[in-house]
2 protein chains.
Amino acid sequence: MNKRLKHIVAPVLAIGALAAAATAIAQQAPKPEQLIKWRQSAYQVIAWNTGRVKANVEGAYNKEDVIKAANTIAAIANSGLGALYAPGTETGKGWKETAVKPELFTDKKAGELAANFNKEANELAKLAAVGDVVSVKAQLGKLQGTCKACHDDFRKKD
Amino acid sequence: MNKRLKHIVAPVLAIGALAAAATAIAQQAPKPEQLIKWRQSAYQVIAWNTGRVKANVEGAYNKEDVIKAANTIAAIANSGLGALYAPGTETGKGWKETAVKPELFTDKKAGELAANFNKEANELAKLAAVGDVVSVKAQLGKLQGTCKACHDDFRKKD
């Protein structure tokens, strides 16, 4: 490449690289409001599916329906919800104002409670695959206990 | 049981049975607004996770992250989203007014498009487990194609 051409091409390449880097950063760091909306959505999907399991264990039990619901809860539990609590999401509006307490971002207990939720969600999915209604009902109770534990400590009252 | 006692107990049992039945019905049929909120939430969680896969195939590829994201998309695809399009949810407000077109509830093509989405979501989860970035990228494109196909036909423009 001759020197003159290099003077033109090099800055263009540099701008291209910067733009690509900026795109990568933008992808890796969605806005706080978006993260809050996603986590509010994730808990809604969990609520939908715990409600389905509850309706099944209290009414006519449909094994396939419970499997679908439990697998959805487990997949979301395993999805890495922690990423939706990135710095900057302590306050703000997703679908609505976040109800999270600031302590969630500093208290180590939050991580323990999240791990409990994961454990019980995965256990529910295993039991759902077997299909014994008594075990599934008991496990749903354990799972809901982990939801409540976190809400008690880290969710503002309405 | 003596006759007198039976006269007292029988109605109480009947009321109990009615209450249980009413509870079961209430559980089986959440309000349309709730169903709309759940489906809007489900698509947000899908969007979060397709965005994660996209960031991975365009940037530094983290196999575990892609597996988590793809498994979440597949679980939601397999969860039975059709139940969230129950009669009565053609219009109404969940987190916001539904953008669904009325044709979705009558056009058989909607079911075909939903099945395509399921198929490609499950294929993405399979490929994510293998971890070949080229295959995952191509499959993400196929999956997003099924999202667009349904949006084009059945989602109102903003």
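The values are calculated or read from the model by the stated rules, or taken from the named source; none is laboratory data. No experiment lies behind these values; they were computed from the predicted model shown. A quick note on method: Cβ atoms are made from the backbone with ideal geometry, for glycine too, and the neighbour counts reach across all protein chains shown. Please note that ligands, DNA and RNA were not included when accessible areas were found on the heavy atoms of the full protein model with its side chains. Shrake-Rupley method; radii C 1.70, N 1.55, O 1.52, S 1.80 Å.
Evaluate peptide A:32-42: per residue, the Cβ atoms of other protein chains within 10 Å of its Cβ; return the mean as an integer.
Per-residue shielding by partner chains comes out at 4.
Give a residue-ordered list of calculated ³J(HN,Hα) values for the range A:137-145 (Karplus: 6.51 cos²θ - 1.76 cosθ + 1.60, θ = phi - 60°; whole Hz; x for Gly, Pro).
For the range A:137-145, the Karplus-derived couplings read 5, 5, 5, 4, x, 4, 4, 5, x Hz, x marking Gly and Pro.
What does the buried accessible surface come to for B and A, summed over both chains, with the probe at 1.4 Å? Round to 100 Å².
2300
Would you mind working out the accessible area per residue for the range B:31-154, using a 1.4 Å probe, and quoting it in Å²?
On a per-residue basis, 47 Å².
One decimal, nm, shortest first: give the distances between the label point of residue A:109 and those of the same position in the other copies, each label point 7 Å from Cα along Cα→Cβ.
List, nearest first: 5.5 nm.
Using the Kirkwood radius over C-alpha pairs as Rh, can you work out the diffusion coefficient of the range A:90-158 via Stokes-Einstein at 20 °C, viscosity 1.002 mPa s, in µm² per second?
Working: Rh = 13.4 Å.
The diffusion coefficient I find is 160 µm²/s.
At a probe size of 1.4 Å, how large is the accessible area of residue B:135, to the nearest 10 Å²?
Approximately 40 Å² for this residue.
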